[in-house]
1. Please report the relative contact order for segment 28-160, taking Cα pairs under 8 Å with a sequence separation of at least 6, and give it as a percent rounded to a whole number.
2. Evaluate E = 1/(1 + (r/R0)^6) for residue 22 and residue 46, where r is the Cβ-Cβ distance and R0 equals 22 Å; express this FRET efficiency to the nearest 0.05.
3. Note down the magnitude of the dipole of the chain about its Cα centre, charges +1 on Lys and Arg C-beta and -1 on Asp and Glu C-beta and zero elsewhere, to the nearest 20 debye.
4. Viscosity 1.306 mPa s, temperature 10 °C: give me the Stokes-Einstein translational D for segment 34-96 in µm²/s, with Rh taken as the Kirkwood radius over C-alpha pairs.
5. Checking the table 35/96; 38/146; 96/139; 35/153; 96/126 against a 23 Å threshold on Cα-Cα, which pairs fail?
6. Which trypsin sites (Lys or Arg not before Pro) in segment 74-160 pass both tests, a DSSP loop state and at most 14 other beta-carbon atoms within 10 Å?
7. Considering only 74, 57, 155, whose Cα is most displaced toward the positive end of the charge dipole of the chain, charges sitting on Cβ of Lys, Arg (+1) and Asp, Glu (-1)?
8. How big is the Rg/Rh ratio for the chain, C-alpha atoms only, Rh by Kirkwood, two decimals?
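The values are calculated or read from the model by the stated rules, or taken from the named source; none is laboratory data. Computed from a predicted structure; not experimentally measured. Counting neighbours? That spans all protein chains shown, and the Cβs are built from the backbone with ideal geometry, glycine included. Ligands, DNA and RNA are excluded from the accessible area calculation, which covers all protein heavy atoms including side chains. Shrake-Rupley method; radii C 1.70, N 1.55, O 1.52, S 1.80 Å.
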Amino acid sequence: MRKTLFRYFFLLISVFLVGCGSDPVQEDLLNYVNKELKQTGELENIALDAYDSVTGQNYKDDQTMYDVISLTVIPTYRDFITELEDVKVETEEVRKLHEQYIEAATIQQGAFSLILTALENQSHEKMSEANAKLAEARKMLRDYNKGIEDLAKEHDVELN
């Protein structure tokens, strides 16, 4: 389910928005999705693909999971958040949504770090805490996606 949600999120972000007019929110939303998030999405995809490669059905052992998360997922996700924080938005409506995205990503990054701690200490409690943070981040990403869809609809922007 997590992988499906992430894939849906990336699909939504990578779609092209179509709209016209002189509505500043509309123009900002078009720029945000079509230009500003394009490169950041690639970094997020790399990190999440690496994470997916060692979790769920792809889990092999704790050491492999630890190595991939510490050497690929966390550094790549850190770069993703840095780029996400550098994204420029012009309108308050888009800015609010973007802040939700940053907050969800930050929570998810914290979850990845907790997973490392859980693996280092063989702590089921820390792993449960990390899973709760991942669930929280997923919910926030769903809310963010819904916000993008609602804002697009409100400003006559068609999601393709």
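1. Values: 115 pairs, mean separation 30.9, N = 133.
Result for segment 28-160 is 23 percent.
2. Numbers: r = 37 Å, r/R0 = 1.68.
Efficiency computed from Cβ-Cβ geometry: 0.05.
3. Values: 17 positive and 30 negative charges, 114 e Å.
For the chain, the charge dipole is close to 540 debye.
4. Details: Rh = 12.9 Å.
Result for D is 123 µm²/s.
5. Working: 35/96 18 Å; 38/146 19 Å; 96/139 16 Å; 35/153 19 Å; 96/126 31 Å.
Violating the 23 Å limit, Cα to Cα: 96/126.
6. Numbers: sites: 78, 88, 95, 96, 126, 133, 138, 139, 142, 146, 153; in loops: 88.
Here the trypsin sites (Lys or Arg not before Pro) that fit, given the DSSP loop and packing criteria, are 88.
7. 57
8. On the way: Rg = 16.8 Å, Rh = 16.4 Å.
Over the Cα atoms of the chain, Rg/Rh equals 1.02.
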